[in-house]
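One structure is given here, and the rest of the page talks about it.
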Amino acid sequence: VNTFDNYDKYFFLDREAMKTLPHPLEGYLFPDTYFIDPLNFYSENLIQLMLENFERKIGEDLKKEATRSISDIVTMASIVEKEVRTKKDIPIVAGILWKRLDNSWLLGADATILYLKDDRSIDYQDLKEDSPYNTRVKGGLPPGPISNPGLESLKAALNPQDSPYWYYLTTPDTGEVIYAKTNDEHNSNKARYLN
């Protein structure tokens, strides 16, 4: 991926912004099933297929409906992709996270910390780590996407669902998303579902 140099072909790629990212094309390599000829396989061809698929699946929507930068939409979609598992919750969580961002709240998304850790466990020290990807201590979005989001997450980041909620958690056993309107309600949910 580091040898990819065809940024200008795709309207949604920003070469300059991507120079500083650890994985420049992350977020834009559309997750899908690809049929590859093993005798004529080159990594650049797969990258091109994935980018073309991204453009085919969501490109027109991004051109017509985006009210934020494409980079911000894809970054938000990548967070939502990792935060929730259920299709019905994806647009609601996208709405909560955009609402937090628009009101100068910290996003507080554990998925961004897990991206730093490269594994599934977070401890108390991780929550305080000074990193642009730690949305519990740094305001705004992380510098770039943390995953390659699917179509549902991309559409939700583009058109989030309004709700009265400001908080959510995902239960570790079932993956159910529990919502809250207040911090007190959220703390009660944490005590009930996470301890």
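So for the chain, Kirkwood radius off the Cα pairs, Stokes-Einstein at 37 °C and 0.692 mPa s: how many µm² s⁻¹?
It comes out at roughly 185 µm²/s.
When the Cα centres of segment 129-172 and segment 50-114 are compared, how far apart do they sit, in Å?
6
Can you tell me the FRET efficiency between Ile122 and Thr174 if r is taken as the Cβ-Cβ distance and R0 is 30 Å, rounded to the nearest 0.05?
About 0.95, to the nearest 0.05.
Given C-alpha coordinates of segment 1-57, what is the ratio Rg to Rh with the Kirkwood estimate of Rh?
With Rg and the Kirkwood Rh in hand, the quotient comes to 0.96.
I'm checking a number: the convex hull volume of the Cα atoms of segment 36-123, normalised per residue, in Å³. What is it?
Enclosed volume per residue, from the Cα hull, is 154 Å³.
Let me check I have the definition right: for segment 90-154, take the eigenvalues of the Cα gyration tensor, multiply each by 5, take square roots. What are those semi-axes in whole Å, largest first?
Computed over segment 90-154, the values are 19, 15, 10 Å.
Can you find, among Leu97, Gly150, Gly27, the residue farthest towards the positive end of the dipole of segment 7-163? Put +1 on the C-beta of Lys and Arg, -1 on that of Asp and Glu.
It is Leu97.
Computed from the coordinates by the stated procedures, all read-outs in this text should not be read as laboratory data. Keep in mind it's a predicted model, so treat the numbers as computed, not measured. All Cβ positions, glycine included, derive from the backbone under ideal geometry; neighbour counts span all protein chains shown.
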